[in-house]
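The values are calculated or read from the model by the stated rules, or taken from the named source; none is laboratory data. What you are looking at is a predicted structure, and each value in this text was computed from that prediction instead of being measured. A quick note on method: Cβ atoms are made from the backbone with ideal geometry, for glycine too, and the neighbour counts reach across all protein chains shown.
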Amino acid sequence: MLDLYGWSGARQREFAPHAAQNFAPARVVAHHRGLWRLITEAGEIAGRLSGRLALEAAPGEHPVVGDW
């Protein structure tokens with residue numbers, strides 16, 4: 001499914017260290033009032049910022065539509 005959103009072999013190779021830590025890739029497809037819609041291999045999920053990113057990141061450092 002992610003290939004429909006731009007996932008490629010090159011991205012898979014770049015992501016390998018994260019996959020080894022049991023992270024899964026996701027593409028940001030929408031953002032509204034602190035809630036992000038993400039596309040994963042399993043389908044669409046919702047996400048929120050947490051931890052250090054939520055507390056310390058400036059708005060310009062938050063994920064935007066199109067980010068992985």
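Things worth noting here:
- Sole residue being in contact with a Ser or Thr (Cβ under 7 Å, 6 or more places away or on another chain), hydrophobic (A, V, I, L, M, F, W, C) and either surrounded by 10 or more Cβ atoms within 10 Å (Cβ to Cβ) or free of Cβ contacts under 8 Å to residues at least 40 places away in the same chain (or both), chosen from Ala58, Ala26, Ala16, Ala10: Ala26
- Of all the listed residues (Arg13, Arg48), the sole one being over 13 Å from the mean Cα position of the chain (by Cα), at pLDDT 95 or above and basic (Lys, Arg) is Arg13.
- The criterion of being of a type outside the set (Val, Ile, Thr), in contact (Cβ under 8 Å) with a residue 24 or more places away in the chain and touching a Phe, Trp or Tyr at 6+ places or on another chain (Cβ under 9 Å) holds for Trp68.
- Ile45 vs. criteria touching a helix residue (DSSP H, G or I) at 6+ places or on another chain (Cβ under 6 Å), in a strand (DSSP E or B) and surrounded by 10 or more Cβ atoms within 10 Å (Cβ to Cβ): no
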